[in-house]
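Contents: one structure, followed by commentary.
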Amino acid sequence: MAQPNHTPRLLGTEEALSVLFCLVDDAYAHLNPRARSYESLKRLSDSEVITLALFQQLRGVESERSFLRDAQRFFAHLFPGVVGLHPSSFHRRVRKLRHFLEPLRRAILSEMIGDPETLLVDSTLLSVLHPRQVPQGSGFPGAAWVRWGSFSVYGVKLHLLCAANRVPISYELTPANVADVSLTEELIAEAALEEGVARRLLGDLAYRSEELREALAEMDILLATERSERRRGVRQRVEIALSSLKRVFGVGETLATTLVGLATRIAAKMTAYTYAFLVNRVLGRPQGKIKDLWA
């Protein structure tokens with residue numbers, strides 16, 4: 001087995017990975033206290049599998065085979081059970097634990113966002129099949145065609161509600177042809193914020209709706225919309241969050257072939273993104289500097 005090469009950069013990654021595991025392990029113990037009863041029967045504990053799944057997304061590696069090869073080479077001293085682990089076994093464990101990903105993310109959410117007075121909402125298209133691939137089969141369940149500029153896209157849409165510090169609060173996946181404005185109230189409801197905390201919602205012209213404005217007014221939330229190119233400062237932070245999810249976490253380039261697989265990978269990416277902020281806080285690093293620590 002190859003020995004770890006302890007360069008300063010790798011040592012930083014090891015420290016961050018250890019912090020990530022401790023955070024996940026503490027939160028998972030509260031969500032599933034009975035899991036520890038069966039850990040002696042498993043090569044990797046549930047907390048280790050979840051940590052590795054988040055680590056895979058933080059490193060931006062879509063192939064589980066490639067990720068496990070690197071994990072065995074450089075991080076086997078932290079996760080001995082990863083040695084000899086087959087990608088299909090890892091994949092099954094992650095899918096089995098996928099229902100804990102969002103609860104784990106929400107377990108640290110209040111610490112990350114506090115009581116946000118300003119909410120930001122936006123969406124982005126995720127292509128799931130090349131247009132030439134769609135006629136060859138039955139398509140991708142949950143995806144749809146939508147016109148985007150001068151061409152059409154076949155895929156899904158990620159709707160995101162985040163705080164002013166770019167931390168995602170709630171999100172939804174829908175077919176690509178679902179209107180942005182139709183998901184807004186659902187996103188706010190899923191945020192489960194205390195009544196009266198949020199004071200305004202910022203979005204682009206896709207969210208301009210008198211019906212939505214009146215619905216939000218009943219919750220004492222002011223709806224403010226304007227063109228994307230006129231956004232300045234805080235209004236651009238939701239776009240920065242979506243850009244990071246695409247550029248660093250490859251949210252638009254998953255290798256998923258089913259809707260369940262896509263939803264699992266999106267959940268892992270959103271959870272990894274949120275935990276990356278917290279790990280940076282614990283280590284005293286700038287919150288938004290993610291890529292250089294995990295690459």
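Close Lys pairs in the chain (alpha-carbon distance under 29 Å; sequence gap of 8 or more, or different chains): 15. Helix 259-282 axis versus longest C-alpha principal axis of the chain: approximately 80°, rounded to the nearest ten.
Please report, in debye to the nearest 20, how large the charge dipole of the stretch 212-277 is about its Cα centre when each Lys and Arg carries +1 at its beta carbon and each Asp and Glu carries -1 there. Show your work: numbers first, answer last.
Working: 11 positive and 7 negative charges, 73 e Å.
Here the stretch 212-277 has a charge dipole of around 340 debye.
When peptides 100-110, 209-219 are sorted by average Cβ neighbour count within 10 Å, with the highest value leading, the order is 100-110, 209-219. Counting only DSSP beta bridges with both residues in the chain, the antiparallel share comes to about 75 percent.
In this calculation the C-beta distance from TYR38 to ARG95 is compared with R0 = 22 Å, giving a FRET efficiency of 0.80.
Electrostatic tally near ALA163: other residues with Cβ closer than 15 Å to its Cβ, Lys and Arg +1, Asp and Glu -1, net +1.
GNM on the chain, alpha-carbon springs under 10 angstrom: the most fluctuating residue among LEU158, LEU205, LEU54 is LEU205.
Might you report the magnitude of the Cβ-based charge dipole of the chain about its Cα centre, with Lys and Arg at +1 and Asp and Glu at -1, to the nearest 20 debye? Before the final figure, lay out each step's value.
Working: 38 positive and 33 negative charges, 267 e Å.
Rounded to the nearest 20 debye, it is 1280 debye.
What does the C-alpha gyration tensor say about the overall shape of the chain? Classify as rounded when a/c is under 1.5, otherwise prolate if a/b is larger than b/c, or oblate. Taking the square roots of the gyration eigenvalues as a ≥ b ≥ c, the chain is prolate. Figure legend: label point modelled 7 angstrom from the Cα of ARG9 along Cα→Cβ; residues of the stretch 40-67 with amide N under 19 Å from it are 55-62, 67. Residue separation of MET219 and HIS30 scaled by 0.36 nm, minus their Cα-Cα distance, works out to 64.8 nm of gained length. Across the accessible surface of the chain, with the other protein chains kept in place and a 1.4 Å probe, carbon and sulfur atoms take up 50 percent. Would you mind checking the tilt of helix 46-59 against the longest principal axis of the Cα atoms of the chain, expressed as 0 to 90 degrees and rounded to 10? The angle comes out at about 60 degrees. Straightening the chain between GLU186 and SER243 buys 18.2 nm, computed as 0.36 nm per residue apart minus the Cα-Cα spacing.
The values are calculated or read from the model by the stated rules, or taken from the named source; none is laboratory data. Predicted, not measured: the structure shown is a model, and the values here were computed from it. We place every Cβ from the backbone using ideal geometry, glycine too, and count neighbours over all the protein chains shown. For the accessible areas, the whole protein counts, side chains as well, though only heavy atoms, and no ligand, DNA or RNA atoms are used. Shrake-Rupley method; radii C 1.70, N 1.55, O 1.52, S 1.80 Å.
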